[in-house]
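The values are calculated or read from the model by the stated rules, or taken from the named source; none is laboratory data. Everything numeric in this text was worked out from a predicted model, so none of it was measured. All Cβ positions, even for glycine, are placed from backbone atoms using ideal geometry, and neighbour counts span all protein chains on display. The accessibility values were calculated without ligands, DNA or RNA, using every heavy atom of the protein model including side chains. Shrake-Rupley method; radii C 1.70, N 1.55, O 1.52, S 1.80 Å.
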Amino acid sequence: MQPGTIVQRLAFLAKARFFCNGAAGVEGSQMWRRRFNRTRLSPHDLAICERVFDQVCADEHIDPLSLDAEALAVMIVAIFRNVTTNERELLEEVRSLRRSKGAEKAH
């Protein structure tokens, strides 16, 4: 994997999610600025997400450039934004969710 690939992917996914949620809607640029400030990931935030992504990919033998990895990146960013920004807790939450989804598929 090329250096920065996951950081670029996470940044792209974060921006894509932001725009897909209609952030630049009726209220115009002022709403866009407010929402962007709330959803933007800093380089430090992206580094945490990247380390968790790399660890889960290694643990589960996921190709970092696959569609599964893209879904994983989306999951990590969502958990980071909505549940915890602590790296250890983020990793545990991602692992827990992936285990529960795997169990659902098995039944």
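State which residue is farthest from the chain's Cα centre (by Cα) when the search covers only the stretch 55-73 and only residues that are assigned to a helix (DSSP H, G or I), modelled with pLDDT under 95 and among the acidic types (Asp, Glu). That would be 68. Criterion first (at pLDDT 65 or above and loosely packed, with under 15 Cβ neighbours inside 10 Å) does residue 44 satisfy it? In short, yes. Of the residues making up the stretch 74-97, those that are assigned to a helix (DSSP H, G or I) and not hydrophobic (A, V, I, L, M, F, W, C) are 81, 82, 87, 88, 89, 92, 93, 95, 96. Applying a threshold of 6 Å to beta carbon distances and a minimum spacing of six or more residues, or different chains, the list of pairs starting in the stretch 62-88 at a residue that is more than 12 Å from residue 48 (Cα to Cα) and hydroxyl-bearing (Ser, Thr, Tyr) and ending at one that is open to solvent by 30 Å² or more (accessible area, probe 1.4 Å) and part of a helix (DSSP H, G or I) is empty.
Anything in the stretch 79-107 that is open to solvent by less than 30 Å² (accessible area, probe 1.4 Å) and either within 19 Å of residue 42 (Cα to Cα) or at pLDDT below 95 (or both)? List them, or say none.
The answer is 79, 80, 84, 90.
Within the stretch 65-77, the set of residues being surrounded by 15 or more Cβ atoms within 10 Å (Cβ to Cβ) and among the small types (Gly, Ala, Ser) comprises 69, 73.
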